[in-house]
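Enquirer: Sending over a structure as C-alpha cells; questions will come in a sec.
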Amino acid sequence: MAYLIAYDLGTGGIKASIFTQEGRPLADVFRPYDTLYPRETYMEQRPEDWWNGVCVATRDLLAASGVRNTQIAAAALSGHSLVAVPLDERRQPLLDAVPIWCDRRAGDQAEPFFRRVPYRDWYAVTGNGDPAETYTVLKLMWYKQHRPELFARIRHVLGSKDYINFRLTGRMCTDPSYASGFGVFNLRAWAYEDRFFQAAGIPKSIFPEIIPSDAVAGTVTAEAARQTGLAPGTPVACGAVDNACMALGSTGLAQGSVYTSLGSSSWIAVTSREPIIDPETRPFVFAHVQNGCYTSAVSIFSAGNSFRWARDQLCPDFAGQPDAYDRMNALAQTVPAGSRGVLFNPSLAGGSAQEPSPNLAGGFAGLALRHTRADLVRAVMEGIALSLRSALDILARQVPVSGAMLLCGGGSKSPLWRQIFADVYHMPIVKTSIDQNAASLGAAALAANACGLWSGYDAIPACHRQEDIRLPDEATAAFYERLLPLYQSWTGDLARLSDRLAALA
C-alpha cells in the first residue's frame with residue numbers, strides 16, 4: 001500500500017495528513033503557531049515556525065498512523081497566500097518574521113504603483129481583487145521604501161508553501177496558483193507580466209520559476225529527512241495556494257462548482273473556465289491547479305477568528321476546554337433567530353474588497369440590558385452568515401449559483417451553524433466526510449498525480465461521503481431575508497464611522 005502525505009499550511013497552524021492512494025484520509029495532526037501583531041495593520045509569522053511545525057507534525061503523524069516513511073509515495077503542500085519571504089544570495093531568510101496575507105502595511109505603495117499602471121487594467125489582468133496592499137509585489141515595494149538596506153540584499157522571494165518546499169528539497173519554484181497572488185501574474189497568459197514588475201520597480205529575477213502544481217518540485221534531501229522523519233528521496237509536488245487546494249479538494253474541477261470555506265477567514269468560491277472579473281465588486285481570482293481553470297471568490301477576513309474572539313472574550317470560563325465550541329453552540333441554540341434584536345459585524349480584521357471600506361471594524365448593535373451572552377454568541381454566528389450572504393449575492397450576480405452549497409472548514413462541524421447558513425443563504429447546506437480536510441485532500445491529489453498514482457482529478461467527488469444536509473426553514477429564511485437589508489445598511493453606517501475613526505487615529 002502506498003500513502004500520500006499532505007500539509008495544509010494555514011493561518012492558525014500546520015495540519016499534516018496521511019491519505020491512502022485512493023484519497024481516503026487515514027490520520028492527521030495539527031500543530032499551531034503564532035501570528036504576531038507588532039503594529040497596527042502588521043500581521044506576521046515566522047517561517048521557522050512553519051518549518052518546525054512541519055518537522056514535528058510529520059514525526060508525530062508517522063508515529064500515530066503506523067505508516068513507515070518508505071510507504072509515502074509523495075508529499076504536497078497547500079499554503080496560505082500573498083506571503084513574501086525574502087532570502088539573500090546564500091538563500092538564507094532575511095527576516096525572522098514576514099508579513100502574511102492579511103498584513104496591510106503597504107497601503108502607501110498602492111498610489112505610486114497605480115500611477116504607472118491603472119488599477120482597472122491591473123485587476124483585469126491579475127484578478128487580484130483583495131486590497132492591493134496585501135499582494136506580494138506591494139509588500140516588496142514597502143521593503144524597498146522602508147527597509148532599503150534589507151531590500152538591496154534580496155535575491156529570492158518565496159511564498160509560504162514554496163519556502164517549505166525549498167526546505168524539503170533545496171529547489172526554489174512556485175506554481176501558477178500561488179504565483180497568481182503575487183500581483184504580477186497574467187491569468188490568461190498563465191505567466192508573469194513584465195510591465196507590472198517595471199511599474200513596481202521590483203526585479204523579476206527575484207521571483208521563483210513557475211512549474212505545474214502537480215509537477216515534482218524535487219525530492220526530500222538527507223538533511224530534511226533527518227529533521228522531518230520522511231524518507232530521503234521522497235518526491236514533493238509543487239503544491240498550490242490554499243484557495244486552489246480547497247477548491248480542488250471540495251469539488252474537483254467541475255465547471256460551476258461552488259463551496260463556502262468557513263475557517264479563520266472565510267470565502268465563497270466557484271470553479272470556472274473563465275476568471276470572474278468585475279472591477280466594481282472585485283472578486284479575487286486564483287489560477288487553478290490545471291491550466292484553463294480558475295477559482296474566483298468573495299470573502300470576509302474574519303469568520304472563525306471572530307468566533308474564537310467570542311470564545312475568549314464572552315466565554316472565558318470555557319477557555320482550554322475541548323468542548324468550548326460545543327458549549328457555545330448549546331448557548332446559541334437557546335436563542336431564537338435574530339438573537340433577540342442583536343446584530344454583530346465580524347470585521348474584526350478589517351473589511352475585504354467586497355465590503356464598504358477596508359477600515360470596516362466589527363461591532364454589536366441593538367444591545368440592551370436584557371441581553372445575555374447567549375444572545376451575543378448567536379449574534380456572532382448569524383453575523384458571520386449574514387456577511388457571507390452579502391458576499392454570495394455579489395458572486396451570484398456574476399455566475400448562477402443554485403442547488404446545494406458545500407460547507408467545509410472548522411465551522412462546518414456545528415449543526416446549528418449549518419442550519420443558520422441554510423436559512424440565511426436560503427439554500428440546502430451539505431456537509432461531507434471531507435469536512436476540514438478539503439485543502440489537505442486537494443494537496444494529496446496533487447501528490448498522487450505527481451508520483452503517477454493518479455492521472456487527473458476525476459476521483460475526488462468519490463472521496464466525499466455526504467454526512468448531513470440542512471434544508472432551509474421557509475419561515476426562518478423569510479425572516480433573514482427581511483433582516484438582511486437592515487444588516488447591510490448598518491454595515492454601511494459602520495464602515496463610514498470606521499473611516500472617521502481611522503482618520504482621527
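The values are calculated or read from the model by the stated rules, or taken from the named source; none is laboratory data. Everything numeric in this text was worked out from a predicted model, so none of it was measured. Cβ placement follows ideal geometry from the backbone for every residue including glycine, while neighbour counts extend to all protein chains displayed.
Enquirer: Working only within region 403-417, note down all residues that are buried (at least 22 other Cβ atoms within 10 Å of the Cβ) and part of a helix (DSSP H, G or I).
Expert: Within region 403-417, GLY411, SER412, TRP417 meet the criteria.
Residues checked against (1) at pLDDT 95 or above; (2) among the small types (Gly, Ala, Ser):
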| residue | (1), (2) |
| --- | --- |
| ALA337 | yes, yes |
| PRO346 | yes, no |
| SER352 | no, yes |
| GLY362 | yes, yes |
| THR372 | yes, no |
| GLY383 | yes, yes |
| PRO400 | no, no |
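Enquirer: Going through region 305-340 one residue at a time, which ones are within 24 Å of TYR487 (Cα to Cα), within 28 Å of the chain's Cα centre (by Cα) and charged (D, E, K, R)?
Expert: To start, the set of residues in region 305-340 that are within 24 Å of TYR487 (Cα to Cα) comprises 305-311, 313-314, 328-329, 331-340.
Right, trim to within 28 Å of the chain's Cα centre (by Cα) and you get 305-311, 313-314, 328-329, 332.
Result: ARG308, ARG311.
Enquirer: Tell me which of these ALA444 doesn't satisfy, since it passes every other one: (1) in contact with a helix residue (DSSP H, G or I) (Cβ under 7 Å, 6 or more places away or on another chain); (2) farther than 24 Å from PRO356 by Cα; (3) modelled with pLDDT of 95 or more; (4) in the same structural domain as SER257 (by TED's automatic domain parsing).
Expert: (1) is the only condition that ALA444 fails.
Enquirer: Among (1) surrounded by fewer than 22 Cβ atoms within 10 Å (Cβ to Cβ); (2) touching a Pro at 6+ places or on another chain (Cβ under 7 Å), which single condition is PRO400 missing?
Expert: Among (1) surrounded by fewer than 22 Cβ atoms within 10 Å (Cβ to Cβ); (2) touching a Pro at 6+ places or on another chain (Cβ under 7 Å), the lone unmet condition for PRO400 is (2).
Enquirer: Continuing with this model, one more query. Would you be able to tell me the number of residues in region 418-449 that are farther than 14 Å from THR251 by Cβ, in a helix (DSSP H, G or I) and of a type in the set (Gly, Ala, Ser)?
Expert: 6
Enquirer: When region 179-214 is examined, which residues are found to be crowded, with 24+ Cβ neighbours inside 10 Å and in contact with a Pro (Cβ under 9 Å, 6 or more places away or on another chain)?
Expert: ALA179, PHE185, SER213
Enquirer: Still on this model: Could you pull out every one of the strands (runs of 3 or more DSSP E) wholly within region 235-321 that has 1 or more residues that are farther than 20 Å from ASN437 by Cβ and of a type in the set (Ser, Thr, Tyr)?
Expert: Numbers: elements: 235-237, 258-262, 266-272, 284-287, 294-300.
In region 235-321, the matching strands (runs of 3 or more DSSP E) lie at 266-272, 294-300.
One line per residue, one yes/no per condition, for (1) touching a Pro at 6+ places or on another chain (Cβ under 6 Å); (2) of a type in the set (A, V, I, L, M, F, W, C); (3) surrounded by fewer than 19 Cβ atoms within 10 Å (Cβ to Cβ):
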{"site": "GLU274", "(1), (2), (3)": "no, no, yes"}
{"site": "PRO283", "(1), (2), (3)": "no, no, no"}
{"site": "PHE286", "(1), (2), (3)": "no, yes, no"}
{"site": "THR295", "(1), (2), (3)": "no, no, no"}
{"site": "ASP317", "(1), (2), (3)": "no, no, yes"}
{"site": "ALA330", "(1), (2), (3)": "no, yes, yes"}
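Enquirer: What are the residues in region 450-505 that are within 30 Å of ASP214 (Cα to Cα) and assigned to a helix (DSSP H, G or I), if any?
Expert: First pass over region 450-505, keeping only residues within 30 Å of ASP214 (Cα to Cα): 450-467.
Of everything in region 450-505, those that are within 30 Å of ASP214 (Cα to Cα) and assigned to a helix (DSSP H, G or I) turn out to be ALA450, ILE460, PRO461, ALA462, CYS463.
Enquirer: Any idea which of (1) assigned to a strand (DSSP E or B); (2) buried (at least 21 other Cβ atoms within 10 Å of the Cβ) is the one GLU355 doesn't satisfy?
Expert: (1)
Enquirer: Could you grab me the full set of residues in region 468-502 that are in contact (Cβ under 8 Å) with a residue 12 or more places away in the chain and polar (S, T, N, Q)?
Expert: Of everything in region 468-502, those that are in contact (Cβ under 8 Å) with a residue 12 or more places away in the chain and polar (S, T, N, Q) turn out to be THR476, GLN488, THR491, SER498.
Enquirer: A further question follows. If ALA189 meets every condition in (1) without any contact (Cβ under 8 Å) to a residue 40 or more places away in the chain; (2) over 27 Å from GLY292 (Cβ atoms); (3) of a type outside the set (D, E, K, R) apart from one, which number is that one?
Expert: Result: ALA189 fails condition (2) only.
Enquirer: For region 85-99, what are the residues that are touching a residue at least 40 places away in the same chain (Cβ under 8 Å) and either surrounded by fewer than 21 Cβ atoms within 10 Å (Cβ to Cβ) or closer than 13 Å to ILE154 by Cα (or both)?
Expert: Scanning region 85-99 gives VAL85, PRO86, LEU87, ASP88, GLU89, ARG91, PRO93, LEU94, LEU95, ASP96, ALA97.
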